[in-house]
Amino acid sequence: MNYGDGDGVTFNFWSSALDVVSHQLTHGVTNFSSDLIYLNESGALNEAFSDVMGAGVEFFFQASGTDRQRADWLAGEDLFIDFGAFVRSFENPRATGDPDHYSVRCDCPPDFDNGGVHINSNIVNHAFT
């Protein structure tokens, strides 16, 4: 698998984050074990399954905390050179402008984030916490 080597300015190596590696591996499992279409709500479920597995693996292998290489409810925080940024927050999806409940989901067009697969995955992520 190729995760990317980061840019050395904003991002570390993409394989430096346990939750990201677990997330990507789970996409492989989901792809070969379900008929989920990577679009709209089914795509958001695909993303959420990967996010939840990433968090689960992180909590299994890392001590809880708010520092690097610690288990938390943030996705992708270990990717950033300037620690503190993150990709998604399970506890507070609205911190990145994402919905935390189905009633406020993004009704995104298919050409924007495949109908909101990353955005709307936070609804399930938030419920998981």
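Derivation of every value follows stated rules applied to the coordinates shown; laboratory data play no part. Just so it is clear, the model here is predicted, and its values are computed rather than measured. Using ideal geometry, Cβ is built from the backbone for each residue, glycine included, and neighbour counts are taken over all protein chains shown.
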query = Can you give the percent of C-alpha pairs in the chain whose distance is more than 26 Å?
reply = 18
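Let me check against my output: what whole-number percent is the relative contact order of the chain, with C-alpha pairs under 8 Å and at least 6 apart? Write out the running numbers ahead of the final one.
Numbers: 225 pairs, mean separation 33.1, N = 129.
Contact order relative to length: 26 percent.
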note = Applied in sequence order to region 5-11, the curve 6.51 cos²θ - 1.76 cosθ + 1.60 (Karplus, θ = phi - 60°) yields integer Hz couplings, x standing for Gly and Pro, of 9, x, 10, x, 10, 9, 10
remark   = Amide H proximity to Phe80 below 5 Å, modelled H, separation 5+ or other chain, gives Asn12
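Compute the FRET efficiency between Ala63 and Ser34 as 1/(1 + (r/R0)^6), taking r as their Cβ-Cβ distance and R0 = 35 Å, and round to the nearest 0.05.
On the way: r = 32 Å, r/R0 = 0.92.
It comes to 0.60.
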key: Computed [θ] at 222 nm, helices only, for the chain once each DSSP H run of length n ≥ 4 contributes -39500 (n - 2.57)   = -14000 deg cm²/dmol
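If the chain between Met1 and Phe83 were fully stretched, how many nm would it gain, using 0.36 nm times the residue separation less the Cα-Cα distance? It would help to have the intermediate numbers written out before the result.
Values: separation 82, 0.36 × 82 = 29.52 nm, distance 2.50 nm.
Between Met1 and Phe83, full extension yields an extra 27.0 nm.
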Rounded to whole Hz, the Karplus (6.51, -1.76, 1.60) HN-Hα couplings of region 63-76, x for glycine and proline = 5, 5, x, 10, 10, 4, 6, 10, 6, 7, 9, 10, 9, x
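Could you please rank Tyr38, Tyr102, placing first whichever residue has the fewest other Cβ atoms within 10 Å of its Cβ?
On the way: Tyr38 16, Tyr102 11.
In increasing order of surrounding Cβ atoms, one gets Tyr102, Tyr38.
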note = Residue-ordered couplings for region 113-119, obtained by feeding phi - 60° into the Karplus form 6.51 cos²θ - 1.76 cosθ + 1.60 and rounding to whole Hz (Gly and Pro as x), are 6, 6, x, x, 4, 7, 5
